Amino acid sequence: MASIALALSWLKKNTVTVLLVILTILVLILILVGFWLRIKSFKVTDLLKKLQIANARNESASLYAKKKVLEAKSETKKEEIEAIDKLIRKEEEKVIKASMEIEGLSNAEVAKRLTDLGF
């Protein structure tokens, strides 16, 4: 009995401290849960899309360099350069489409934006 009375008197003296400790623990738990949910929402598909974007940009730069080399040569045909232009445009479309999908747009919104951009 004496120990219960002693614990109650200690609790009455230190009520504010106990409440602050409990509140601090609850805030830390909420922060950890929020951080865990943020990590959980991190998607592998976003990484794959970013990889596709990087790959398409690399391919586009390569095609652009090839186009410049062909333009510098005098014996190249205009059809070859136009074919490379089409490939460059296709790669740029891949980059834009993948970046819009990462933003979370639906297929209809992506199609509308691509038509607005002239693809």
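Bear in mind these aren't lab numbers, they're just calculated from the coordinates by the rules spelled out. Please read these numbers as outputs of a predicted model, since none were measured by experiment. Neighbour counts are summed over all protein chains in view; Cβ atoms, including those assigned to glycine, are modelled from backbone coordinates with ideal geometry.
Side notes on the structure shown:
- Between Glu93 and Glu71, the simple label model (points 7 Å from Cα in the Cβ direction) yields a spacing of 2.2 nm.
- Cross-link pairs Lys77/Lys97; Lys78/Lys112; Lys50/Lys97; Lys50/Lys90 - those with Cα-Cα distance over 21 Å: Lys77/Lys97; Lys78/Lys112
- Here Ser9, Ser60 are placed in order of increasing Cβ neighbour count within 10 Å, fewest first, which gives Ser9, Ser60.
- Cβ-Cβ distance of Leu37 and Glu82, R₀ of 35 Å, FRET efficiency by 1/(1 + (r/R0)^6): the value works out to about 0.10.
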